[in-house]
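The values are calculated or read from the model by the stated rules, or taken from the named source; none is laboratory data. Because the structure is predicted, anything quoted here is derived from the model rather than measured. FYI the Cβ positions are ideal-geometry reconstructions off the backbone, even for glycines, and counts take in every protein chain you see.
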Amino acid sequence: MNPEAAVAADRDAILVGYDGSPDAMVALNWALDEAGRSGRPVRLAYVFEWLTVAGWVGPGVAPGIWPDENARRQIEDLVRKAAAKAAAERPGLTVQGEVFDGPPALVLQERSAEAEMLVLGSRGRGGFGGLLAGSTSVSVTAHAHCPVVVVREGQLATSGPVVVGVDGSEPSLLALGFAVERAAQRDVPLRVLRVWGPPGDRWVASGFDREQATDTERAAVEEELTQWRKTFPDVPVEVRVTPGNPAELLVDASREAQLVVVGSRGRGGLRGMLLGSVSQQLIHHSHCPLAVVRER
């Protein structure tokens, strides 16, 4: 498939990084559930990197002399069968698959430019030989052109609220919109978490009012929620405003959530929300699927 056709096929699809590994299967199932609610097509993308073909490349695939065209054909068959099986199990959904050549992180980043969403397992093998939390998944999440959802085995919770971390920055406002829409699709409550850091002890001694600061932060959140409450009046919204460490509190909130949503970076109470800080800690430690949302 030429690059123009590939981009056109990706447009508005939920793109899944797929290699047949257990985490990739969990990511695929999450994407299929999401597609069932949104009606979007699902596209499996296996990225075949010749330099890693000496490793594990898929169930039943045993590469020989490099480059091994037979191994590539087996991988294409693996992806085709996975897409056909998913489509058969989810009538009404459009599910397709394709094998791409190149470095996994770079190819997925490029393909994400026209995708509605990219879904990854937290680790993989074979074509995603480097897809461990902290390598390919972190790189793709940091540089993708669309929201990225990272799912690991055992995380397909179907109950609990959607949790979103907000701090007033533009990325966190995008995350808030993404989270409200997912809560509405799932018919579950939205929990909005605003974490702020109080000033140092020297300011507390001069009359810092923690209660007043909390009220100010809560008022800011309520203002950000005004339009979303009007758009989705049936979504119950709980606002939690608290001082503390953003990463720790979001990881703790993920224990009873079915999805945690954050912006790609933040400011104020979440000013450290760059890949490598809050978002990266959630990639490693979240107890439920994590969505990292950025401006296209």
With the condition kept exactly as written, say whether any residue in segment 100-110 is of a type in the set (Gly, Ala, Ser), modelled with pLDDT of 95 or more and either part of a helix (DSSP H, G or I) or within 13 Å of VAL42 (Cα to Cα) (or both). no
With the condition kept exactly as written, say whether any residue in segment 86-95 is part of a helix (DSSP H, G or I), outside the structural domain of CYS288 (by TED's automatic domain parsing) and modelled with pLDDT under 90. no
What is the residue count in segment 147-203 for residues that are at pLDDT below 90 and assigned to a loop (DSSP other than H, G, I, E, B)? 15
When only residues in segment 241-277 that are of a type in the set (Lys, Arg) and at pLDDT 50 or above count, which is nearest to PRO189 (Cα to Cα)? ARG255
State all residues of segment 217-244 that are under 23 Å from the mean Cα position of the chain (by Cα), within 12 Å of LEU176 (Cβ to Cβ), not β-branched (Val, Ile, Thr) and not in a loop (DSSP other than H, G, I, E, B); if no residue qualifies, say none. GLU224, LEU225, TRP228
Looking only at segment 1-56, count every residue that is farther than 20 Å from THR141 by Cβ and at pLDDT below 80 and tell me the total. 17
Within segment 159-187, considering residues that are polar (S, T, N, Q) and under 15 Å from VAL260 (Cβ atoms), the one surrounded by the fewest Cβ atoms within 10 Å (Cβ to Cβ): SER159
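When segment 111-127 is examined, which residues are found to be among the small types (Gly, Ala, Ser), outside any helix (DSSP H, G or I) and under 14 Å from ALA24 (Cα atoms)? Walk me through it before giving the result.
The first filter runs over segment 111-127 and keeps only residues among the small types (Gly, Ala, Ser), leaving 112-113, 115, 121-122, 124, 126-127.
Narrowing the set further to residues that are outside any helix (DSSP H, G or I) leaves 115, 121-122, 124.
Within segment 111-127, GLY121, SER122, GLY124 meet the criteria.
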